[in-house]
Every structure is written in C-alpha cells, then in structure tokens.
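What follows is a set of notes on a single structure, which appears directly below.
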Amino acid sequence: MCGIMGYTGVEEAAPVLMDGLEALEYRGYDSAGLAVCTEGGSIIHIRAAGRIMNLADKLIQAAHEEVPVTGSCGIAHTRWATHGAPTEENAHPHRSATGLYTIVHNGIIENYEALRDSLEAEGIEFESETDTEVIAQLLEKHDTGDVLETLRTVLPLLEGSYALGILYYNAPGKIYCARKSSPLLIAKTKDGAYLASDAAALLKYSREILRLEDGEVAELEGGKVSVYAADGTPVRKVPIAVASHISAADKSGYTHFMRKEIDEQPEAVRRTLASFPGQFTPQTQQLLKDVRRVVFLGCGSAYYAGLVGRYLVEEGAGIPASAELASEFKALNPAIDDRTLLIVISQSGETADTLSALRFAKQKRARTLGIVNVEGSTIAQECDAVIYTKAGLEVAVATTKAYATQLSIIYCLAAALQGDYILIRKGVPVGGIVKQSDIHRLPDLIGEVLRRSAQPMFEWARAIHRAEHCYFLGRNIDYAAALEGSLKLKEISYIHAEAYPAGELKHGTISLVEEGTPIISVCCRPEVTPKTRSNMEECAARGAALYCITNDNSITVKNKLLLPRCNPLLAVSLSTIPLQLLAYHCAEMRGCAIDKPRNLAKSVTVE
Ligand code: F6R
C-alpha cells in the first residue's frame, strides 16, 4: 500500500528519495511524488500518476526546463488510491494553502469530511479529493511557528490512522514526522537521517532502525533525530537491529521476485523450524495452557493458513478451534474470553483489519499469540507473545514463502497443543497426529516437490492459461490448500478462480462446469479422497478437464502430480507449492505484472 520515504543530510535528496520509492514499489501503488527543499529556499514538489518511472521522467523534464530538483532534504510517497482517483492532483505530497506545510501521509483520516467541511466553510480551498490534504490545511491553520507545538494541537483532531512526513517552509533541512496505527521507521548515519514506512527502503543505509510508536513525533535534521512523546517530553529510542537474514530486494537473476521466493521456501521453512524451540518461550507456553478455544485470525492467505491450523488443532488436540477472517471478526461479536487463544497470523504485521481485530480481542481479555514475519511490526508488538516466521523480506505481492513459514509454525503449535510443551521446546519428538519428526522433514519435502512440479506445472499452465474460469476442489484440510491455490491464480493471472469443498459443487456451482472447464483437485487426506474422486468424476461427466495434486498413486487422472509420501496432514504444505507454480506460469503466459498485480498492495494498512 502507500509508501513514505524521507531524507535529510548532505547528499542530493532526489536520488535518495527515488531509490527509496523503488524499494517500496513492491507494496503496490498507483501514483508517486516527492518534494525537496531547494537551496533557493523554496519547496519544489513534483508528482505523477502511474509508475515511478513517470515521476523520474518529470524530474528529467524539470532539469531540462532549468528548475532542477536540487537540495538535500525531502520527502516522497507512493500512493495507493483510497479517497479520490489515482491522478496527479491526488498524488502526495500535498501542500497547505500558502505552501507553509508539505506532507506525505499513509493511512486514512476517518473524520476528514467533517474536517474538510469546516475548513471550506472558513474559505480554505482544496486542490485534491484526498483525506490527506485536510492535515496540511489544519497544520497551516493552527501554525504557531513551532511545528512540534502545532502538531500537538492538530494530531488530536485526526481520527483514523496516519504515518506522516512533513516539510515546513520556515525550517528547510528539517523533516517532522508522526504516527498512529501506521508504521514509520527512522535510520541514522553520521551525516544523514532517513525516514520510511518500511525497512526495505532503509536497509541500504543502516541495519539499525528506530521505530516510532503510536503518538510519538520526531524531528530529523542531518544526522540528528529527536523523538518526543505526545505531550512533548523527549523520548530516548533504542535502535532495533534488522535481522541479518533479511536482505534488500534483489532478484538474483530471477525474472520475478515471486519465482525467486517460491524457490526460497525450503530454506525459509528450515530457518523458521530451527528457530521455533528458542522462540517457544515459557511465556508462550503459558498462553497455550488450559485453553478452551483456539481462534486463528488473518486475512487472505494468512486466513487460509489459519484454516489449516483450525483442522489440526480441533482434530489433533480436541480443542474447539475456528479460523476467522479478521475483517469480519468484530462484527461477529465472538464469544471469547481469557481462556481463548487467539493466534494472529500476518506476514507484514501491519494489516489494518487484523490489527483492529486483535485490539478488539484484547479488550475481551483473550490471550494473543502472533505469527508474524516482520520483526518489530505493530501486530508483533501488540500480541502477548510472538513467534516470528523467518521468511526474510517478501517482495512479491502474492505471498509464497511467508505462507509456507506460517504453516510450519502452525504445525509446531498444533503439535504443542496436543503434546508435551517441554519436550517440544527441547526439540524432542512427541506423539499425536502431527509429530515433530514429520514437521522437520518439511524443508526437504518442499524441495522435492519444487523439483517434481517444475515441468508439469508449466505444461498445465499451457493448457489452462486461456481459461476464463477455473475451480479448485478439496475436502477437509485439502480444501484449505484449494483456497490458497485459487487465490494465487486469480490474484496474479486474473483468471476467475474459486475454491469449493468438493462436496459443495453439486449444490449449485456445478451448473457452471462445461466442456473444458479446468477443475483442479487436491486429494491428500485418504479419509476423504474417495469422495473427492467421485466429485471429480461428476465434473468430468460434464466435460471438465481434470487436474489432480495428490499423494495417492491409485488416482488415474491423466493430469496428476504425485506428491512425496508424508503425513497427509502436512501434505497441505506441499500441495500449495505446485499451485503457486501453476499460478505463476499462467500469469507469465498471460503477460501479467506478476510481482505487482493490479489494484493489490503488499501491506494493506486500511480497513
Ligand atoms: C495473497 C496475499 C494476501 C495476504 C493478506 C494478509 O497472496 O498475500 O492475501 O496474505 O493481505 O497480509 P498479511 O499477512 O501481511 O497480514
């Protein structure tokens, strides 16, 4: 979603800002812009609809027209449109009426209409349709000449979420920033300070970052960073080290980040499993003790990972379990209490729907355990305990390796809920339907599946990529894999795809099956495979083209991918791998923007 970059120091700001925007590109955006305090004392701002490349063209054009954007302090933004179309006028930075304040903003101001109405009633004219512009206008309206003081007046007027980067006309060389429910990070070097909404843009400059907390504001000038609490008292921040296995975005010879990240899964899962015993602290074990209900919470793929957990925990540990969509959770008014364990799954750790559901559950005194990839993210910080997945930086919008690592932690937790905490912490195998010894085979099994599926999935994609619709079937835990496969296909190839519990098709959707409709089944649980096979036959009888991912060699479908033998409950980790490759090849054959699918964002920071 939107991205913020800022720089103040001795270097030319524009190239640093453009570099930062490129590092944030993967988050998804539809316009971009920057503002730089020039040596002549003015603030130049340049914006463009569409890709960052368009903004780069405008910078070149400005240089040709002898208004070069030179200066060593500036802010920049990639916008993912919420209020107002993705036009140049709505792109950030936004300025106040006389240009006193220039700002970039991530998040949503929920009371912006009321604020805008009252500002307009006072005669202030707006240039954009955005919620952001009200912040710039309010800052100017309440300006006292002291930006920190002005912020103390204006920020309490804003409802919703914000991460702000601010330039003040009368303080060239300084950047002010503030946050509430939207991440903002700062990196410092000897003679410069950098501001970004995502560590990906800062890794190049420092491996240590300062994380602003809700309510904090900061002032950056050269290599100096001062942070203040909401009431103005100075705050001493302790830098957080960025984990060494996280590297800056680099395709390492691959055409797409997604393809690279698919291949990184064995290592990512190996790293995650190796870290589990150390992360399964006594505090975390305590959260698992005597729980009466387990709720897995997430959005999109993270929700599907939770669905896997729901099957494992209910069947394996005999504890009532459910997976809930975070965006629906509050409205359910769920019956949860201090004996409910909420397992909150999020790659980014910043998903607004998930965060808001987590906060709601905490009010109800539920125990909260995060499975999060981004260290120090808001969800990681707000859960009672967190277990980090060690996927490293995931750049492609469609998740692959983060999802695989989420599953590996879910297996460990399911094993812990049905077994002996202490033994698991020591890495000693325990019994139950999911055994540690099975779980530790996963990295090698995933590697084997990658090898087995490379060519067949290319072939399947050749046959499927022109289809308009595609259906994925599975029963029980295989249904969770079908859901993930269907989401991968639709989000990156734009082929309409739906997943169904195999038995449900005949209750309506089978009317859509016609000659050649691709039906992709996941059949890994022996207990339900015979029934899924019957459902596949029902489709074949109506002309469907059948594809099957299975661990059962007796299935005779022509297009079959046979998975290596393993505990069928773990097979869901394996069956999603060929489905990722299938989606990837279909998208490639259809010429889609694989790493940045249209309308999607990597980190969804609005509800
Ligand atoms: C799909 C995908 C999304 C995310 C979802 C949650 O490929 O990536 O469905 O899984 O937006 O994001 P996180 O995990 O960051 O909370």
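Tell me the relative contact order for region 249-440 as a rounded percent, counting alpha carbon contacts under 8 Å between residues six or more apart. Provide the component values of the computation, followed by the final result.
Working: 370 pairs, mean separation 51.1, N = 192.
Reported as a whole number, the value is 27 percent.
Choose one of C524, Y169, Y311: the residue whose Cα lies farthest towards the positive end of the charge dipole of the chain (beta-carbon charges +1 Lys, Arg; -1 Asp, Glu; about the Cα centre).
Final value for the positive-end residue is C524.
For the chain, what is the relative contact order in percent, using Cα pairs closer than 8 Å and at least 6 residues apart in sequence? Each step should come with its number before you reach the end.
Working: 1405 pairs, mean separation 72.3, N = 607.
Value for the chain: 12 percent.
Quote the charge dipole size of the chain about the Cα centre in Debye, to the nearest 20; the model charges only the Cβ of Lys and Arg (+1) and of Asp and Glu (-1).
Working: 61 positive and 74 negative charges, 567 e Å.
Value, rounded to 20: 2720 debye.
Within 14 Å, Cβ to Cβ, of R542, how many net charges do the neighbouring residues add up to if Lys/Arg are +1 and Asp/Glu are -1?
Values: positive: K506; negative: E514, E515, E537, E538.
For residues surrounding R542, the net value is -3.
Once a ≥ b ≥ c are taken as the square roots of the eigenvalues of the Cα gyration tensor of region 3-242, is the result rounded (a/c under 1.5), prolate (a/b larger than b/c) or oblate (a/b not larger than b/c)? Before the final figure, lay out the partial values.
Details: a/c = 1.36, a/b = 1.05, b/c = 1.30.
It is rounded, given that a/c, with a ≥ b ≥ c, falls under 1.5.
Provide the per-residue ³J(HN,Hα) series for region 309-323, in order, calculated from phi with Karplus coefficients 6.51, -1.76, 1.60 and θ = phi - 60°, each as a whole number of Hz, with x at glycine and proline positions.
Couplings: x, 4, 5, 5, 6, 5, 6, x, 9, x, 9, x, 9, 9, 10 Hz.
Using +1 at the C-beta of Lys and Arg and -1 at the C-beta of Asp and Glu, which of L325, I124, T144 has the Cα lying farthest in the positive direction of the dipole of the chain?
L325
Report ³J(HN,Hα) in whole Hz for each residue of region 38-50, in order, from the Karplus equation J = 6.51 cos²θ - 1.76 cosθ + 1.60 where θ = phi - 60°; Gly and Pro get x.
Per residue, the Karplus-derived 3J(HN,Hα) values read 7, 5, x, x, 9, 10, 8, 10, 10, 9, 8, 6, x Hz.
Once both axes come from the Cα atoms, what is the angle between helix 401-418 and the longest principal axis of the chain, in degrees from 0 to 90, rounded to 10?
It works out to around 60 degrees.
Express the carbon and sulfur contribution to the solvent-accessible surface of the chain as a percent, rounded to the nearest whole number, probe 1.4 angstrom.
Working: 11060 of 22580 Å².
The nonpolar share, carbon plus sulfur, comes to 49 percent.
List, in order, the whole-Hz ³J(HN,Hα) value for each residue of region 351-357 obtained from phi through the Karplus relation with A = 6.51, B = -1.76, C = 1.60 and θ = phi - 60°; use x for Gly and Pro.
After applying 6.51 cos²θ - 1.76 cosθ + 1.60, I find 4, 4, 4, 5, 5, 5, 5 Hz.
If amide hydrogens are placed 1.01 Å from N in the peptide plane, which non-local residues have theirs closer than 5 Å to the one on E324?
Long-range HN contacts for E324: F296, L297, G298.
Specify the angular offset, from 0 to 90 degrees and rounded to the nearest 10, of the alpha carbon long axis of helix 13-24 from the longest principal axis of the alpha carbons in the chain.
Approximately 20 degrees, to the nearest ten.
In debye, nearest 20, what is the charge dipole magnitude of region 259-391 about its Cα centre with +1 on Lys and Arg Cβ and -1 on Asp and Glu Cβ, if you could check? Present the calculation step by step, with values, prior to reporting the outcome.
Numbers: 16 positive and 16 negative charges, 58 e Å.
That gives region 259-391 a dipole magnitude of about 280 debye.
Report, in debye and to the nearest 20, how large the dipole of region 3-242 comes out about its Cα centre when Lys and Arg carry +1 and Asp and Glu carry -1 on their Cβ. Don't skip to the end; give the middle numbers.
On the way: 20 positive and 36 negative charges, 206 e Å.
That gives region 3-242 a dipole magnitude of about 1000 debye.
Taking a probe of 1.4 angstrom, what is the accessible area of K141 in Å², to the nearest 10?
About 90 Å², rounded to the nearest 10.
In Å, what Rg and Dmax follow from the Cα atoms of region 312-422?
When restricted to the Cα atoms of region 312-422, Rg and Dmax are 13.8, 38 Å.
Give me Rg over Rh for the chain, both radii from the alpha carbons and Rh done the Kirkwood way, two decimal places. Intermediate values should be presented prior to the final figure.
Details: Rg = 25.3 Å, Rh = 25.3 Å.
A ratio of 1.00.
Which angle from 0 to 90°, rounded to the nearest 10, does the C-alpha axis of helix 442-464 make with the longest principal axis of the chain?
90
Note down the accessible area of K330, probe 1.4 Å, to the nearest 10 Å².
Taking all protein chains as shown, K330 has close to 90 Å².
Could you state the principal axis extents of the C-alpha atoms in region 456-530, from the largest down, to the nearest angstrom?
33, 27, 20
Mind checking the per residue accessible area of the chain for me, 1.4 Å probe, whole number of Å²? Write out the running numbers ahead of the final one.
Working: 22580 Å² over 607 residues.
Per residue, the chain has an accessible area of 37 Å².
If one computes the Cα centroid of region 116-178 and of region 504-537, what distance in Å separates the two points?
Region 116-178 and region 504-537 have Cα centres spaced 56 Å from each other.
Return the long-range amide H neighbours of E110 (sequence gap of 5 or more, or a different chain), with a cut-off of under 5 Å between placed amide H atoms.
Those qualifying (amide H under 5 Å, at least 5 residues apart or on another chain) are E159, G160, S161.
Give me, ordered by chain and number, the residues 5 or more places off S31 or on other chains with an amide H under 5 Å from its own placed amide H.
G50, R79
Anything over 31 Å Cα to Cα? Flag those among K204/K330; K435/K560; K188/K390, in the order listed.
Cα-Cα > 31 Å for K204/K330; rest within.
Calculate how many DSSP beta bridges within the chain are antiparallel, expressed in % of all such bridges and rounded to the nearest 5. Could the numbers behind the result be given before it?
Details: 57 of 96 bridges.
Antiparallel bridges make up about 60 percent of those DSSP assigns within the chain.
Pick out, from L184, V557, S301, the residue whose Cα sits farthest towards the positive end of the charge dipole of the chain, with +1 on the Cβ of Lys and Arg and -1 on the Cβ of Asp and Glu.
V557
The values are calculated or read from the model by the stated rules, or taken from the named source; none is laboratory data. Predicted, not measured: the structure shown is a model, and the values here were computed from it. For neighbour counting, all protein chains shown are included, and Cβ atoms are generated from backbone atoms with ideal geometry for every residue, glycine included. Side chains included, ligands, DNA and RNA excluded: accessible areas come from the protein's heavy atoms. Shrake-Rupley method; radii C 1.70, N 1.55, O 1.52, S 1.80 Å.
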